[in-house]
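The values are calculated or read from the model by the stated rules, or taken from the named source; none is laboratory data. For clarity, every value in this text was computed on a predicted model and none was experimentally measured. Reconstructed Cβ throughout: ideal geometry from the backbone, glycine too, with neighbour counts over all protein chains shown. Calculation scope for accessible area: heavy atoms of the full protein, side chains included, ligands and nucleic acids excluded. Shrake-Rupley method; radii C 1.70, N 1.55, O 1.52, S 1.80 Å.
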Amino acid sequence: MTTAAPYTPGAPARWHRLDRRALLVHCGWMAAPLGSWALTALATGGRITPGAWITLTVIAGSFAVLTVIGLIRWARTDYRVTDDSFEVRSGVLTRRLRSVPLHRIRTVDLTASPLHRLLGVTVLRAGTAGSSGGAAELSLEALTTADAERLRAALLARADAAGAAEDPVVSRINWRWLRYAPLTFWVIGGVFAAAGGLYRILDGAGIEPWKLGIVRSAFDEFGTGALWITIPLALLAVLVLGTVGALVLYVEGWWNFRLEWTDAHTLRVHRGLLTTRSVTIERGRLRGAVLHEPLLLRAGGGATVRAVAGGLGNKEENRKRSLILPPAPRTEALRTASGTLRAAFPDAGLHAHPKAALRRRRTRGLLLVTLPGTLVLAVLGLLLTPVLLHCAWAFALVSAPVVLWLAGDAYRNLGHGVLGRYLVARSGTFSRDTVALQREAIAAWTFSTTPFSRRTGLVTLTAAVAAGEDGYHVRDLAAADAPALAAAAAPGILEEFLDHGGHAHRTGHAPAYGDGNSGGPGRHRKPLSTHTLQRNPDDLDMT
C-alpha cells in the first residue's frame, strides 16, 4: 500500500505495490459457497450434515491455498510511472515486465465492484489506442481510491492528446462497455415496441391476442393479486426483459466493432454479428461530430458519438449509419470524437447563455407539465371521486421540483462557442448533444424566434449544413449576440445585413468570438449587437 504520488516530475521513479486488501478481493469468490453453507446451518437449526462439513472443509482448504497464492502474487506485483512510460511487473513463476509509453495511453478506466467499494479499493486499467483488454492494456487489481485517482491523473496528464488524433485505429469494441447497454430508453421502450410488433403479427394472422390462454391467465392473476405486489413485479419483469434485450441487441449490433482510418482520406466503421455492417465515410464529406449523451447514459458516465457527414442517405438512414461509437465511457467517446476529427474535440471553453433561457425553461415546464396535470386531476376529482383531488395536489407537489430541476439541468447544458475550425453548440437534458461543426461547411443561417422568446430577448440560431441533420441549432442565444456568433463562425453570409459604420454602438455585453487566426472576426473586433443590424433579425429568415 502506498500513499505517495505515483509520479513526480524530476524525481527518481519508484516502484509501488498494490494495496493489501487485494488479498481479500482475490478470495471474494468464496462469498457464495460460504453464504450457502451458512444458510444450510440456519435451516437445519445448527445440525450440519456431513456433506455440509465436507463443503466447509473444501472452502477452508481453498481459502488457504488461494491466500498463499494471492500473497505471493501481491508481493510480486508492482508498478511505476517514469518520465516516458507506465510499467507493471508481475508473475509468480514467470516474471514479466510490461511497459506502455505514456504518449500512447488513451484511456484510464477505474472500476469498482460492490466488494471493491466495501473494501475501499478500485481496479485501474490503462489502455492504448484501440485496446480492448488484450496485450495493449495494463491492469492493476486493487488500489486505494485515492492512489487510483492520483495515478489516473498522472497518466492522463502525461498522455499525448495530439498523438491520439493520428492513430489509424480510432476505437474498437471493449466488452466492459456492456454495462452501458441498459442505460437507454430501449430498456423499457423496447419491451413495449416488441409487444406491439408481436401484436401486429398475431393480428395480421387473424389471432386475437387477448383471447390466448396465457394472456388471459396473466391478466386474471394480475387482477386478483395485491396491487402493491403485482405492479412492482410487473415493472421488475419489464426491466429484466428490457435489460436482456438491450444486452442482446448491443452484442449483435456491435460485435467486432472497429472504427479506423483505412487511409488518409477514408474513415470506416465495421460492426455486426448476424448482420454485418461496414460504413465508409470520405474525409472530404466529414463535417463534424456529435457527442450524444441521453439522460440515463449521462448519469452512468457514458456517451455515444455520431459523425456529421454527407452521403449517408436520407434522414432515417443517416441516423443509423452516422453512429460511430456504441454506448461507452465518456472518456472513450471524447477520444473517439477527437480521432474522428483528427483534432481534440472542443468540449470546454463554451459561452454560457443568458438567465432568460433558464426562466423560459422553468416557465415552459410548469405551464406544459405541472399545471395541465394538476388541472386534469382536479377536474376529474370534482366530477368523479375526491381521491383524485388528493392526487392533484400530490402531483403538483412532486412534479414542480422535478420540472424545476430538469429546467436547471437543461440551462446548465446550454453552451456555444467558436473554437478554432469549429462552431460548437451544446443543449438538451433528456438528450444532451454537443456538436462540433466545421465552420467552412456552414452554408446558411436561420434566426428563429417565437412571440414568447422575442419578449425575453432570445433567438435560436440554426446553421444549415449539407450533411448530417441538415441543420444544427444554437438554442436561446441573446438576440444581441446571435449576429456576432454567426458572423464569426461563417464570415460573408451576413455581411450585407451588418452595419460597420463608426456610429454603431454597443448596448449589451456580447462575448467576442474567434481569434485573429480563425478566419472570422478577431478578438479585437467589436462584438455586434442587434442594434448594428440594418434590419431586425425577424426580417432575415423567421420560422
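Here are a few things to note about the model shown:
- Relative contact order (percent, whole number), segment 358-484, Cα cutoff 8 Å, 6+ residue spacing: 16
- The H on the amide N of Gly415, modeled in the peptide plane, is under 5 Å from the matching H of Arg426, each at least 5 residues off or on a different chain.
- Solvent-accessible surface (1.4 Å probe) assigned to Lys355 amounts to roughly 120 Å².
- Residue-level accessible surface for Ser278, protein heavy atoms, 1.4 Å, Å²: 70
- Highest-first packing order for the peptide set 376-388, 256-268, 458-470 is 458-470, 256-268, 376-388, based on the mean count of other beta carbon atoms within 10 Å.
- Cβ-based charge dipole, segment 253-412, positive-most Cα from Pro401, Thr266, Thr336: Thr266
- Global form of segment 396-435, assessed from the alpha-carbon gyration tensor, a/c cut-off 1.5: prolate
- Amide H within-cut-off set for Val305, under 5 Å, with H built and near neighbours excluded: His292, Ile324, Leu325
- What you get for segment 343-468, charging only the Cβ of Lys and Arg (+1) and of Asp and Glu (-1), is a dipole of about 380 debye around the Cα centre.
- Applied to segment 86-100, the Karplus parametrisation 6.51 cos²θ - 1.76 cosθ + 1.60 on θ = phi - 60° returns per-residue 3J(HN,Hα) values of 10, 10, 10, 9, 7, x, 8, 8, 10, 7, 9, 10, 10, 9, 10 Hz, with x for Gly and Pro.
- Listed residues Trp445, Trp53 arranged by accessible area, highest first, probe 1.4 Å: Trp53, Trp445
- The spacing between segment 360-429 and segment 274-308, judged by their C-alpha centroids, is 29 Å.
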